[in-house]
Amino acid sequence: MAYQREDIERVRAATNLVELVGEVTKVKKSGRNVMAVCPFHQEKTPSMSVDAARGLYHCFGCGESGDLFRFVEQTQGLGFGDALELLARRAGIQLRLDPKEKQRRGERERLIEAVGAAVDFYHERLRKADDAGAARSYLRGRGYDADVVERFQLGYSPDGFTGLYDYLRGEVKVPDKIMETAGLVARNKRGRMYDRFRGRIMFPIFDLRGDPVGFGARLLDGDGPKYLNSPETPVYRKSQLLYGLNWAKSEMVRQGVAVVVEGYTDVIAVHQAAIPAVATCGTAFGESHLDLLRRFTERVVLAFDADEAGTGAALRGFEHSVPGDLDLRVAPLPEGRDPGDLAESGDLDLLKQAVSPESSVPLLQFRLERELDQHRLDEPEARGRAVRAAAAIVARHPDAVTRHEYAVFLSRKTGVDLPVIEQAVRRAAQASRSPEPERAAAPDRPLTGRDRAEQEYLRLMLANHPGLADHDLEATAFSAPAHRTAYEMIAPVVADLEAGTAPALGSVIGDDPGEVATLLRRLAMENRPLAAPAELVRRITIWQIEDRIKQLQSELSADAPGRDRSHETGELLGLLERKQQLLSED
């Protein structure tokens, strides 16, 4: 493990899970537990139970469960290590790494520190340097006051060739190799270092953890590209980054939507309108960016400029796919206006309306309308080409009902009969189908009475019920492998506790995403009376005896010449007697 277990448990003890959940979604007290509106699926009535004492949560609607670390992982799209570090910083706890982990993380930390030093350098230049006057005027013209500049850590890179290089080398003692690897400087043909960014307004780019990893830079005057981005580095990968996601992710979970805009200034303007917005870092918006956003929301709205270039941007990256698990939409914006313009001019209601579910258009519908606009639907041959092209788009959607609905949509738009449209969709699907279609997953086995009894016994163990002292079982009593494993996981935890003292489950099953841990979290959070231990043990024992009886009867009926059967016969008679005794107690 990268960190010492002692430090992990200190962070667990110092963090209030209810407060953590309350920062993301609505919570309401309900008896010993707290009920919350689940942030992992759409719902209005709270179905997530949060137990601060146990440090666990479980949603009875969608099945998501875990501890404080898993909650941060799921809501903020982090790995366990990142979630632990975030909570440790929040609690003021210093984590201790093992030597191997220190070595592995060393380069990343040095790169992050170098980029962070550059952020400070550029930010200070923007605030105070004489040569940054034009940059300050530009930002004021966009409506960015000092609070905005501070919040987004905006900066200015001086015109000279070695301003940043001299600062990092002289003041911060950053090695040349680290500066170069971080994308802050480059070498000329004679091997001399020079600043990569010069005479530009600097927009620092942060990863999901909030670490500075690169820059987007806007040119004020002179020659060169209007926007220049950091090169690919070990910490800056454009396909895995979205500008503004570090600020917007929590609000995405709360509002249930992510708004994708085109540029850094759009992100800043829209953020001020309390709309969770992000933008790509100098690359087309595509599938890898959707992978980031689907961690936080199921609805993504593309809000690009309402012109030909903006429309094209809404289509790039999705020519060959339809993300059926997301509600991917396009916001209709007024001609000649972008989201930043609307936010800065105070037309917030217009912007909020454009990105709402009522006004935004499903991306697939948007693509179909754009495709149909390219054909003359009053001509038979052109209409045929339009139908075939549109059918190929519809065929990519994974859901049969949605495909049918869009076939109806195309039929209305083109005037072509619905059966003809559906045939075109089927042909397009067959043409693109893989030779070995995916097999459907086997349905879950329904719970039997024995399953329910075994799970009730596990609930007693999770509560460390005092009655278990006189009515205990062993792992062999459980028929389901998952129940047996769950028993073996919990038994050692409660063995050393005083009866009635509930075990601290967080450190045992808290962040384990496996089937058994998920089952135990659900059972621990079920808010209903516990069963009587004696009756449960009696029923489970009867089932266990019946299993052994069947096994012995099978062995006795098998041919085995010369073998002494007296032992098996004696055991069978004893079991039959014991079973009858237990049944008579009913």
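The values are calculated or read from the model by the stated rules, or taken from the named source; none is laboratory data. Model, not experiment: these values are computed from the prediction. Note that each Cβ is placed from the backbone with ideal geometry, even for glycine, and that neighbours are counted across all protein chains shown.
The table below lists the values:
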{"read-out": "Tally, over the stretch 1-49, of residues that are under 23 Å from G92 (Cβ atoms) and either assigned to a helix (DSSP H, G or I) or under 20 Å from the mean Cα position of the chain (by Cα) (or both)", "value": "18"}
{"read-out": "Condition check for L78: touching a residue at least 24 places away in the same chain (Cβ under 8 Å), within 16 Å of E9 (Cα to Cα), in contact with a helix residue (DSSP H, G or I) (Cβ under 9 Å, 6 or more places away or on another chain) and not in a strand (DSSP E or B)", "value": "no"}
{"read-out": "Pairs with Cβ under 7 Å, 6+ apart, first in the stretch 463-482 and free of Cβ contacts under 8 Å to residues at least 24 places away in the same chain, second in a helix (DSSP H, G or I) and surrounded by 16 or more Cβ atoms within 10 Å (Cβ to Cβ)", "value": "A475/R484; A475/Y487"}
{"read-out": "Selection status of I275, crowded, with 22+ Cβ neighbours inside 10 Å, under 24 Å from the mean Cα position of the chain (by Cα) and modelled with pLDDT under 90", "value": "yes"}
{"read-out": "Residues of the stretch 456-484 that turn out to be of a type outside the set (D, E, K, R) and either outside the structural domain of I545 (by TED's automatic domain parsing) or part of a loop (DSSP other than H, G, I, E, B) (or both), as a count", "value": "7"}
{"read-out": "Within the stretch 394-445, tally of residues that are hydrophobic (A, V, I, L, M, F, W, C), at pLDDT 90 or above and either under 30 Å from A482 (Cβ atoms) or surrounded by fewer than 11 Cβ atoms within 10 Å (Cβ to Cβ) (or both)", "value": "0"}
{"read-out": "Single match in A331, A354 (criterion: of a type in the set (A, V, I, L, M) and farther than 18 Å from F285 by Cα)", "value": "A354"}
{"read-out": "Selection within the stretch 19-40 - over 18 Å from F69 (Cα atoms), touching a residue at least 40 places away in the same chain (Cβ under 8 Å) and surrounded by 14 or more Cβ atoms within 10 Å (Cβ to Cβ)", "value": "N33"}
{"read-out": "Residue within the stretch 164-180 that is more than 20 Å from G214 (Cβ to Cβ), of a type in the set (V, I, T) and outside any loop (DSSP other than H, G, I, E, B) present", "value": "no"}
{"read-out": "Failed item in (1) crowded, with 22+ Cβ neighbours inside 10 Å; (2) of a type in the set (D, E); (3) free of Cβ contacts under 8 Å to residues at least 24 places away in the same chain, with D266 passing the rest", "value": "(3)"}
{"read-out": "Any pair with Cβ under 9 angstrom, 6 or more apart, that starts in the stretch 530-551 at a residue that is among the polar types (S, T, N, Q) and ends at one that is part of a helix (DSSP H, G or I)", "value": "T541/A477; T541/R578; T541/K579; T541/L582; Q544/T476; Q544/A477"}
{"read-out": "Single match in R218, R209, R254 (criterion: closer than 19 Å to L111 by Cα and outside the structural domain of P39 (by TED's automatic domain parsing))", "value": "R209"}
{"read-out": "Selection within the stretch 460-474 - buried (at least 20 other Cβ atoms within 10 Å of the Cβ) and not aliphatic (A, V, I, L, M)", "value": "H465"}
{"read-out": "Pick from the stretch 508-533, criterion modelled with pLDDT under 70 and part of a loop (DSSP other than H, G, I, E, B), ranking: nearest to A83 (Cα to Cα)", "value": "D511"}
{"read-out": "Residue match in the stretch 67-75 (condition: surrounded by fewer than 21 Cβ atoms within 10 Å (Cβ to Cβ) and either of a type in the set (D, E, K, R) or over 16 Å from the mean Cα position of the chain (by Cα) (or both))", "value": "no"}
{"read-out": "Residue that is modelled with the lowest pLDDT [pool: residues in the stretch 170-183 that are over 35 Å from the mean Cα position of the chain (by Cα) and within 21 Å of Y236 (Cβ to Cβ)]", "value": "V172"}
{"read-out": "The stretch 351-387: number of residues that are among the charged types (D, E, K, R) and more than 37 Å from the chain's Cα centre (by Cα)", "value": "6"}
{"read-out": "Qualifying residue in the stretch 186-201 (condition: crowded, with 22+ Cβ neighbours inside 10 Å and either within 26 Å of P39 (Cα to Cα) or within 30 Å of the chain's Cα centre (by Cα) (or both))", "value": "no"}
{"read-out": "Per-region count, the stretch 136-163, residues part of a loop (DSSP other than H, G, I, E, B) and either of a type in the set (F, W, Y) or at positive phi (or both)", "value": "5"}
{"read-out": "Any hit, the stretch 247-255, residues being more than 22 Å from V148 (Cα to Cα) and in contact with a Phe, Trp or Tyr (Cβ under 7 Å, 6 or more places away or on another chain)", "value": "yes"}
{"read-out": "Some residue of the stretch 350-369 being surrounded by 15 or more Cβ atoms within 10 Å (Cβ to Cβ), more than 27 Å from Q255 (Cα to Cα) and outside the structural domain of A274 (by TED's automatic domain parsing)", "value": "yes"}
{"read-out": "Inter-residue pairs, beta-carbon under 6 Å, first polar (S, T, N, Q) and in the stretch 205-230, second not in a loop (DSSP other than H, G, I, E, B), 6+ apart", "value": "N229/G216; S230/G214; S230/F215"}
{"read-out": "Test result for P419, part of a helix (DSSP H, G or I) and farther than 30 Å from G141 by Cα", "value": "yes"}
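Table: residues versus (1) crowded, with 20+ Cβ neighbours inside 10 Å; (2) under 33 Å from the mean Cα position of the chain (by Cα); (3) at pLDDT 95 or above.
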residue: R108; (1), (2), (3): no, yes, no
residue: E113; (1), (2), (3): no, yes, no
residue: A118; (1), (2), (3): yes, yes, yes
residue: Y122; (1), (2), (3): yes, yes, yes
residue: R127; (1), (2), (3): no, no, no
residue: A132; (1), (2), (3): yes, no, no
residue: L139; (1), (2), (3): yes, no, no
residue: Y144; (1), (2), (3): yes, yes, no
residue: V148; (1), (2), (3): no, yes, no
